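Rule-based calculations on the coordinates, nothing more; no lab input. Source: prediction; values computed, not measured. Cβ sites come from the backbone with ideal geometry, for glycine too, and all protein chains shown count toward neighbours.
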């Protein structure tokens, strides 16, 4: 990333008439709009001053966003930097592996496995996302599982995280069984290179009574303005039942996510694929 940043700051002394005298600027812009963004930034931008002005313009990145369906949900809160907005929307994906239990416990580390241990089960009530068909289920002893996300391995370099500090948005879905009380808890940590905590999200535990509507609930949080140094994200969640019944009557979790958003856009970004 550092080499890319330094490349971006090179000022090309040449003008385009010496390079491509027969191409109008609008044709050049159309060509650049059809090239990969990294190539545009790291190569095309250095060709000449005219190309640099196109690549650096707000209009260029707004048009890329328009063509690829990246837009704020509320246009009254437009992005402050359309280039960064585009890049983060393009890279956006769930950093958690196997969030919906489709691969059993692959990708997860079991930290606590109380009672009759974690298991994977079908949904007892439909999830708002119809593609979700499975969930992780806890038992009568405390059950906690985790994933450690290495941001650099996911394509977010230290320089990028320190300079841009994009919002880090976590989402988790949880539900009780209707016939058994249960407890849900979540803990998410932003860590430095030594895996020391920079910022922590640890809300109060949620307790469900026996005889409930077993409705899926959503837990969400956005880390903002966390400062430089974030290199890892540790995501932990789970719980147990409160009746101490043998079997798997505890809290159910699924469809968890950790995503990187453009700063100050985390609550409004929408991507049309």
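Build a GNM of the chain with springs between Cα atoms under 10 Å apart, and of 230, 253, 43 the one that fluctuates most is 43.
Listed highest first by mean packing, meaning other Cβ atoms within 10 Å per residue, what order do 24-30, 172-178 come in?
172-178, 24-30
For the chain, a Gaussian network of Cα nodes joined below 10 Å ranks 48, 180, 65 by mean-square fluctuation, and the top entry is 48. For the stretch 129-159, no residue has its backbone nitrogen under 11 Å from a point 7 Å from the Cα of residue 117, taken along Cα to Cβ.
Mean separation of Cα pairs under 8 Å and 6+ residues apart, divided by the residue count of the stretch 109-267: what relative contact order is that in percent? Relative contact order here is 36 percent. With contacts taken as Cα pairs under 8 Å at a separation of at least 6 residues, the chain carries a relative contact order of 24 percent. Candidate values [x] 79, 38, 32; [y] 55, 39, 36; [z] 58, 35, 29 were compared with Cα extents along the principal axes in Å computed on the shown model; the agreeing label is [x].
Counting only helical runs of four or more DSSP H residues, what would the 222 nm mean residue ellipticity of the chain come to if each run contributes -39,500 (n - 2.57) and the total is spread over all its residues?
-5500 deg cm²/dmol
Computed from Cα atoms, the angle from the helix 58-68 axis to the main principal axis of the chain rounds to 50 degrees. Rounded to the nearest 10 degrees, the angle from helix 82-91 to the longest Cα principal axis of the chain is 50 degrees.
Net length available on complete extension from residue 244 to residue 217 is 7.5 nm, with 0.36 nm assigned per residue and the Cα-Cα distance removed.
Computed from label points 7 Å out along Cα-Cβ, the spacing between residue 27 and residue 124 is 6.7 nm. Could you work out how far the C-alpha centroid of the stretch 93-107 sits from that of the stretch 123-179, in angstrom? That distance is 8 Å. If R0 is 22 Å, the Cβ-Cβ spacing of residue 103 and residue 152 corresponds to a FRET efficiency of close to 0.35.
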